[in-house]
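Working notes, structure below.
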Amino acid sequence: MEKYHGTTILGVKKDGKTVIAGDGQVSLGNTVIKPNAKKVRRIGEGGKVIGGFAGATADAFTLFERLEKKLEQYNGQLMRSAVELAKDWRTDKYLRNLEAMMIVADKDSLLILTGNGDVLEPEGGIAAIGSGGNYALAAARALTDYEKDPEKLARRAMQIAAEVCVFTNDQLTIETVE
């Protein structure tokens with residue numbers, strides 16, 4: 001059975017502004033199934049949290065829903081909500097089988113969440129996940145000293161990733177929090 005494959009999600013936190021960018025490509029084997037999927041969205045009350053996912057779509061939506069419930073439970077505190085979600089993700093028999101990763105951010109934090117129970121705050125304010133993640137991460141790190149605006153930096157890094165990774169395209173969804 002072939003698996004859906006391919007996503008690039010990039011988070012950049014710089015000068016009080018955080019951007020999460022995601023490409024739109026969904027691939028099944030060597031075939032592009034959809035070129036304009038939305039893998040980045042606002043969550044939580046008032047849309048003060050943004051997130052992007054890589055992995056199985058249904059699994060990612062389950063995790064977004066769970067994170068939204070944690071945000072409600074913990075009064076919008078992203079770090080606390082992320083830690084509580086990671087605990088559940090690691091210990092709950094159903095959640096353990098979910099195949100997805102997330103980058104989430106609010107005005108204070110940029111985090112990577114994994115099914116291993118990890119809540120990682122990336123060094124240098126740059127995080128990337130997905131099959132094209134390493135390309136976008138390398139490009140963003142190379143550009144960080146030359147580009148002050150995190151949105152421009154994210155757009156350029158994602159463009160570079162799309163030029164190199166066959167599972168990444170240039171159909172971007174971008175969300176920003178300040």
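Every number in this text was worked out from the coordinates using simple rules, so none of it is lab data. Keep in mind that what you see is a predicted model, and the values were worked out from it rather than measured. With ideal geometry, Cβ positions are generated from the backbone for all residues, glycine too; neighbour counts draw on all protein chains shown.
Based on alpha carbons, the Rg and Dmax found for the stretch 4-169 are 15.1, 46 Å. Net charge near GLY22, counting Lys/Arg +1 and Asp/Glu -1 over other residues with Cβ under 11 Å of its Cβ? Around GLY22, the charge tally is +1. Check each of the chymotrypsin sites (Phe, Trp or Tyr not before Pro) in the stretch 16-72 and keep only those in coil by DSSP with at most 16 other C-beta atoms within 10 angstrom; list them in order. Passing sites in the stretch 16-72 do not exist.
A simple charge model with +1 on the Cβ of Lys and Arg, -1 on the Cβ of Asp and Glu and nothing else charged puts the dipole of the chain at about 160 debye relative to its Cα centre.
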